[in-house]
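Participant: Below is the structure I would like to discuss, written out as structure tokens.
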Amino acid sequence: MTRIRIENVVASTSLGTKLDLVSIALALDGAEYEPTQFPGLIYRMKSPKTAILLFQSGKVVCTGGKSWKQVDDSIRAVSVQIRKTGQKVEKSPKIEIQNIVATSNLGSEIDLNTIALTLGLDRVEYEPEQFPGLVYRLEEPRVVVLLFGSGKLVCTGARRPGDLEVAVRKIRNELRAAGLLPRDQAGPTEADVEAARKPRAPAAETNRPIPRARATVEPLRFTSNPSS
């Protein structure tokens, strides 16, 4: 079983009207607003621990959340505070996930030089003098995976939790098929799972169940109904 841990959910929305950022900065304790340095207002929340960026156009960006609920709670809380200043904004704005960053571990050290040569430099980027990780860009799903020699990996660019599961499974299966990941660490491939579903002749050694490849994504649990 491969565990996938959500590290950051970046989402955006619009409050439906232009915002008076000066008034909001005065109303929100700890808000940072320096328009000569950055056009948006920055509000760092303590619970949940997220950062909200407000722009005069009404656009809102929430970053730092580790779940959909944290993002939703943060934007709703800020919306309530803004309405207290007399500004009419959307009470329940439509929130869109822009990026999910997650981490996982293949459970074994890997040779990045061999992986780069095996997968082909047209598919990966690996320049250890500049960055210690190997960059692998998947076409489907459109996710960027950073692989490190320790076996740890970082997924970025996903917009759905399911994309993370597919990306990690593809990487694991491809490395195993190329002999670059120990079988006892890689877990069964899709071919193994398919073979396990086919009927077999009764035999003492063939009656043992074959484990199925699984990936769990933690802790992203949706309380609303984002697109999936």
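The values are calculated or read from the model by the stated rules, or taken from the named source; none is laboratory data. Keep in mind the model is a prediction, meaning the values are calculated, not measured. Positions of Cβ are generated from backbone atoms using ideal geometry, with glycine treated the same way; all protein chains shown enter the neighbour counts.
Participant: Does segment 115-122 include one or more residues that are over 30 Å from Leu28 (Cα atoms), surrounded by fewer than 18 Cβ atoms within 10 Å (Cβ to Cβ), hydroxyl-bearing (Ser, Thr, Tyr) and in contact with a helix residue (DSSP H, G or I) (Cβ under 9 Å, 6 or more places away or on another chain)?
Facilitator: Within segment 115-122, one or more residues are over 30 Å from Leu28 (Cα atoms), surrounded by fewer than 18 Cβ atoms within 10 Å (Cβ to Cβ), hydroxyl-bearing (Ser, Thr, Tyr) and in contact with a helix residue (DSSP H, G or I) (Cβ under 9 Å, 6 or more places away or on another chain).
Participant: Could you tell me which numbered condition Val145 fails, if it satisfies all but one of (1) in contact with a helix residue (DSSP H, G or I) (Cβ under 9 Å, 6 or more places away or on another chain); (2) in contact (Cβ under 8 Å) with a residue 60 or more places away in the chain; (3) surrounded by 19 or more Cβ atoms within 10 Å (Cβ to Cβ)?
Facilitator: Going through (1) in contact with a helix residue (DSSP H, G or I) (Cβ under 9 Å, 6 or more places away or on another chain); (2) in contact (Cβ under 8 Å) with a residue 60 or more places away in the chain; (3) surrounded by 19 or more Cβ atoms within 10 Å (Cβ to Cβ) one by one, Val145 breaks only (2).
Participant: Just wondering, is there one or more residues in segment 130-152 that are among the polar types (S, T, N, Q), farther than 24 Å from Val10 by Cβ and in contact with an Asp or Glu (Cβ under 8 Å, 6 or more places away or on another chain)?
Facilitator: Within segment 130-152, the first condition is being among the polar types (S, T, N, Q), and the residues that meet it are 130, 150.
Subset that is farther than 24 Å from Val10 by Cβ: 130, 150.
Add one more test, that the residue is in contact with an Asp or Glu (Cβ under 8 Å, 6 or more places away or on another chain), and what stays is 150.
Looking for residues that are among the polar types (S, T, N, Q), farther than 24 Å from Val10 by Cβ and in contact with an Asp or Glu (Cβ under 8 Å, 6 or more places away or on another chain), one finds at least one in segment 130-152, hence yes.
Participant: Consider Ile110 against the criteria (1) in a loop (DSSP other than H, G, I, E, B); (2) crowded, with 17+ Cβ neighbours inside 10 Å; (3) in contact with a Pro (Cβ under 6 Å, 6 or more places away or on another chain): it satisfies all of them except one. Which criterion is unmet?
Facilitator: (3)
Participant: Among the numbered criteria (1) touching a helix residue (DSSP H, G or I) at 6+ places or on another chain (Cβ under 9 Å); (2) surrounded by 19 or more Cβ atoms within 10 Å (Cβ to Cβ); (3) without any contact (Cβ under 8 Å) to a residue 40 or more places away in the chain; (4) not charged (D, E, K, R), which single criterion is violated by Ser74?
Facilitator: Answer for Ser74: the failing condition is (1).
Participant: Pick from Gly58, Gly64, Gly86: which is under 15 Å from the mean Cα position of the chain (by Cα), among the small types (Gly, Ala, Ser) and under 30 Å from Gly16 (Cβ atoms)?
Facilitator: Gly64
Participant: Now for a different question. Quick test for you: out of Val80, Val89, pick the one residue that is buried (at least 18 other Cβ atoms within 10 Å of the Cβ) and either over 27 Å from Leu164 (Cα atoms) or not assigned by TED's automatic domain parsing to the domain that holds Asp29 (or both).
Facilitator: Numbers: Val80 fails: buried (at least 18 other Cβ atoms within 10 Å of the Cβ).
Unique residue meeting the criteria: Val89.
Participant: Select from segment 1-20 the residues that are crowded, with 18+ Cβ neighbours inside 10 Å and within 21 Å of Val80 (Cβ to Cβ) and list them in ascending order.
Facilitator: Residues satisfying the conditions are Val9, Ala11, Ser12, Thr13, Leu15, Leu19.
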